[in-house]
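Below you'll find the structure, written out as C-alpha cells, and then a few comments.
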Amino acid sequence: MSQPPLIDPFERQITYLRVSVTDRCDFRCVYCMSEDMTFLPKPDILTLEELERLCGAFVGLGVRNLRLTGGEPLVRRNIMSLIRGLGRHIETGALDELTLTTNGSQLGKYANEMFDAGMRRVNVSLDTLDDAKFAELTRWGRLPQVLAGIDAARKAGLKIKINMVALRGVNEHEFDKVIEWCGREGFDLTMIEVMPMGEVDGEMRVEQYLPLSVVRSRLAERWTLTDSTHRTGGPARYVTVEETGGRLGFITPLTHNFCESCNRVRLTCTGTLYMCLGQDDAADLRAPLRASDDNGQLVAAIRQAITAKPEGHDFVIDRRVKTAAVARPMSLTGG
Ligand code: SAM
C-alpha cells in the first residue's frame, strides 16, 4: 500500500470491501425479493472493467479482503474476467483474500476457475435441506443443483461456509439436521438473523424473525457449544460444536449490535458506496470514476466518504413498526 490507510471517524481502519456485482438473481428468496422485483436499469450498472478499477483503488488504500456478492454474483455475464482480474492482487500480495457469497446455483460451472483465480473460500447461502421447502423459499431455486454446486466447489479445493437465515416456523426444526450435515461434510455454518431490509411484506418479516439468542440456548440443550476466538474478518461470532468438531457462527445484528469493530464498506454495482449496511449514508463513486482515467478524483471521493461512516446501525423488528429499517433490499448492497 503506497497511500495512507482509510480510517473512519471512530478510528476503525477500513480493510474489507464487499462488492455487489449485480442486483439480479436467479432465485427469488421470499425474505429477500418480491417475485416481480424491479431491477436497476442496465446503463446505470458499472462495467466489469470499471468494477475492477474501483476495487483496485480500494486495494491501493489498504483493503485486504474483497468479497463479491449480489444479487447473485455468478449470474453476471463474464464474471470470471472480473474474478481473474482481482485474483492478480492475491498474486502480488496486495490482497489477503478474495471471496464470494453465492446461492450455489452456478458453482458447478465456475468452481474450478474460481480456485484457479486465487479464491480459496466461498459462502453458500442455504436455508433448508428439504427439497420442497427449498423450492418454496427460493421460489425459483432447486436444491439438487445447489448441492451439486457445493460438491463441485469442494472438489475444486474451495473451503465452504454455509449461511443459513433463521426463520421462525420455516426452518427452525432443521437446525440440528443442518449442524449435523455441516459437521459431517466439514463445512462451517453461520446462522443469520433476518434483517428488516427491502419492501418485503412487514407482517411476514415479524412472523419470520427468530432471535439467535433464543436459537443458541435451544441448540445448547442438544449440543455442547464452546466459545471460539475464531474470526473471519466478518461480523460472525463463533462457537465450536464439540460433538461434530464443526464451527458454528452467529450473525446477530438485532440481538447484539456488531458495529463496534466494523471494518467494512459496501459498493453497489452502480458505484454507490454504502458506509453501513443498516444506514442510508452513501457516496457516489461512479461520477469521479468516469470523470477521469486517473484515480485522483476517485481516491478523494473514497476518502471523503469514509469520513462519513456512521458509528453503527439500529435495526429494530417490532410489531408496531412494520416498515423496513432501510428501504433498499439486501440484493442491492449484498448480504
Ligand atoms: N445471491 C448470493 C447468496 O445467495 O448468497 C448473494 C447475495 S444474498 C442477498 C446474501 C445473503 O443475504 C444470503 O445469505 C441471504 O440469505 C441473505 N439475506 C437476504 N435478505 C436478507 C434479510 N432480509 N435478512 C437477513 N439475511 C438476508
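The values are calculated or read from the model by the stated rules, or taken from the named source; none is laboratory data. Being a predicted model, the structure only gives us computed values, none of them experimental. We place every Cβ from the backbone using ideal geometry, glycine too, and count neighbours over all the protein chains shown. Ligands, DNA and RNA are excluded from the accessible area calculation, which covers all protein heavy atoms including side chains. Shrake-Rupley method; radii C 1.70, N 1.55, O 1.52, S 1.80 Å.
Annotations for the structure displayed:
- Phi-based couplings in Hz for segment 173-183 (Karplus 6.51, -1.76, 1.60; Gly and Pro marked x): 6, 9, 4, 4, 5, 6, 4, 4, 4, 5, x
- Sequence-distant residues sharing a close amide H with Leu167 (under 5 Å, placed H): Glu172
- Here the extension length gained between Gln297 and Arg120 equals 60.4 nm, from 0.36 nm per residue of separation less the Cα-Cα distance.
- Ellipticity estimate at 222 nm from DSSP helix runs (n ≥ 4, -39,500 (n - 2.57)) divided over the chain, nearest 500: -9500 deg cm²/dmol
- Surface share of carbon and sulfur [accessible, 1.4 angstrom probe, percent] for the chain: 49
- Under 5 Å from the amide H of Leu100 lie the amide H atoms of Leu68, Asn123, each residue being 5 or more positions distant or on a separate chain, with H modelled from the backbone and absent for Pro and chain starts.
- Taking all protein chains into account, the per residue accessible area for segment 1-137 stands at 40 Å² (1.4 Å probe).
- Applying a threshold of 26 Å to the alpha-carbon distances of Lys109/Lys159; Lys159/Lys309; Lys109/Lys177; Lys155/Lys177; Lys42/Lys109 flags Lys159/Lys309; Lys109/Lys177 as lying beyond it.
- Proximity of backbone amide H atoms, modeled 1.01 Å from N, is registered between Lys159 and Arg121, Val122 at under 5 Å, excluding neighbours fewer than 5 places apart on the same chain.
- Linear extension gain, Asp44 paired with Arg84, 0.36 nm per residue minus alpha-carbon span: 12.1 nm
- Cβ-Cβ FRET estimate between Glu185 and Trp140, R0 fixed at 41 Å, reported to 0.05: 0.95
- Short-range pairs are left out: with C-alpha atoms under 8 Å and at least six residues apart, the relative contact order of the chain is 22 percent.
- Seen against the Cα atoms of the chain and their longest principal axis, helix 79-92 is set at about 70 degrees.
- For the peptides 99-105, 242-248, residues were scored by their other Cβ atoms within 10 Å and the scores averaged per peptide; the highest-first order is 99-105, 242-248.
- Debye intensity ratio I(q)/I(0), log10, the chain, q values 0.07, 0.11, 0.12 Å⁻¹ (C-alpha model): -0.27, -0.69, -0.84
- Förster radius 22 Å - calculated FRET efficiency between Glu311 and Thr92, Cβ distance, rounded to 0.05: 0.05
- Hz values of 3J(HN,Hα) by residue in segment 270-278 - Karplus curve (6.51, -1.76, 1.60), Gly and Pro given as x: 9, x, 8, 9, 9, 7, 8, 4, x
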